[in-house]
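First the structure, in the form of structure tokens, and then the observations on it.
Just so it is clear, none of the values below were taken in a lab; they were calculated from the coordinates. Everything numeric in this text was worked out from a predicted model, so none of it was measured. Counting neighbours? That spans all protein chains shown, and the Cβs are built from the backbone with ideal geometry, glycine included.
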Amino acid sequence: MYRQMTKLDIADKASQFGIGLVGFTSAGGSGSEWARTTVILAAQLMLPIVETCPSIWGLEHEKTVKILLSKAVNRVCAMLNANGYKAERAVMNADELADAASRAKLGSRGKNGRILTKKYGPRVLMDSLLSAAEFSYDDREDEELCLGCSNCLNACPAAAGKYEDSTCAAYGETLAKDFKNPCGKCLRVCPVGEDRFLYDSFNFQKYFDEDNFPVRNPGAKIYGPWAHVRNYGSYPHAAISPEFEREKEGRLI
Ligand code: SF4
Ligand code: SF4
């Protein structure tokens, strides 16, 4: 028997897949004739893993979170269908998704264009779906979360002006050849997010000092865990160290 779906039903279903944030906004402009609501799902990228990026651990973590998001979208659509509502995965590029997330009051845009959330700062991945069910939209005030510190821009190894612009994407492709995309440098240096309190992680200089080392990690103890992670599964620092680029030529993975 059909029943009316609530926002709580959607959030409950999504939470079964570890999706911590769900937002609702009008589906106007989606191009769909029947869609009334765009539902945005956002899942956490864990700070300690993001801190190791670029690393294969970061890569695998991102893959896992994308699979969880995809499953959650699928199951929420199935639940809506089972209760008599049309639903389907929304097709949006990263910019459109970030705009929809802002409208759904999941967060605000940071200085490099990345969506920032109160809970996890920029350390989230998102997916979305269209629903014929109509929900009330969040009426919270727009909250500006970006502190304007410019850490995200200063930490960018590619000097990209915007997250996921063509420069950022090209840098990501270079890293992918070494099995250690995504870059994630702008994600780890952002002070926004309650996850920073959970992990008591406020030593931002640590990030910049590491990036400023002229060659590969010189073995400083403070970087031990990150260096350890990066020693497995991907070529260390090939994208930013030309001499290592040459060195790896003779290596097998
Ligand atoms: S790093 Fe600073 S400037 Fe960049 S998005 Fe975060 S708070 Fe804003
Ligand atoms: S992911 Fe890396 S390359 Fe892309 S904007 Fe962030 S720091 Fe720059």
Alpha-carbon gyration tensor eigenvalues x 5, square-rooted, for segment 1-137, Å: 26, 17, 12
Quick one: angle between helix 94-103 and the longest Cα principal axis of the chain, in degrees between 0 and 90, rounded to 10, please. 50
Cys residues of the chain counted as unpaired, since no other Cys beta-carbon is under 4.7 Å: 53, 77, 146, 149, 156, 168, 183, 190
Taking the alpha carbon gyration tensor of segment 16-94, what are the square roots of 5 times its eigenvalues, largest first, to the nearest whole Å? 29, 14, 10
Which of 57, 226, 34 has the fewest Cβ neighbours within 10 Å, and the rest in rising order: 34, 226, 57
Reduced Cα scattering model of the chain, Debye log10 I(q)/I(0), q = 0.08, 0.09, 0.15 Å⁻¹: -0.35, -0.44, -1.05
Along the Cα→Cβ direction, 7 angstrom out, place labels at residue 199 and residue 99. What is the inter-label distance in nm? 3.2
Can you compute 3J(HN,Hα) from phi for each residue in segment 107-119, using the Karplus curve 6.51 cos²θ - 1.76 cosθ + 1.60 with θ = phi - 60°, rounded to whole Hz and x for Gly and Pro? x, 10, 6, x, 5, 9, x, 6, 5, 10, 10, 5, 6
Using only DSSP helix segments of four residues or longer, with each worth -39500 (n - 2.57), what per-residue ellipticity at 222 nm results for the chain after dividing by its residue count and rounding to 500? -10500 deg cm²/dmol
Dipole in debye (nearest 20) - the chain, about Cα centre, beta carbon charges: Lys, Arg +1; Asp, Glu -1: 480
Calculated log₁₀ intensity ratio I(q)/I(0) where the Debye formula runs over C-alpha points of segment 111-182, q = 0.27, 0.28 Å⁻¹: -1.33, -1.35
Starting from 0.36 nm per residue, how many nanometres of slack lie between residue 67 and residue 83 once their C-alpha separation is accounted for? 3.3 nm
Select from segment 62-151 those trypsin sites (Lys or Arg not before Pro) which occupy a DSSP coil region and have at most 16 other Cβ atoms within 10 Å, ordered by residue number. 86, 118, 140
Applying 1/(1 + (r/R0)^6) with R0 = 51 Å to the Cβ-Cβ distance of residue 6 and residue 147, what FRET efficiency is obtained, to the nearest 0.05? 0.90
Among 165, 200, 142, the residue with the largest mean-square fluctuation in a Gaussian network model of the chain built from Cα contacts under 10 Å is 200
Helix 56-82 versus the longest principal axis of the chain: what is the Cα-based angle in degrees, 0 to 90, to the nearest 10? 0
Which FRET efficiency value, to the nearest 0.05, do you get for residue 232 and residue 134 by plugging their Cβ-Cβ distance into 1/(1 + (r/R0)^6) with R0 = 51 Å? 0.55
For segment 5-74, state which GluC sites (Glu not before Pro) are in a DSSP loop and have at most 12 other beta carbons lying within 10 Å of their beta carbon. 33
Two-site label geometry, residue 34 and residue 15: point separation in nm, points 7 Å out along Cα→Cβ: 2.9
Could you tell me what % of all Cα pairs in segment 66-170 have separations over 25 Å? 30
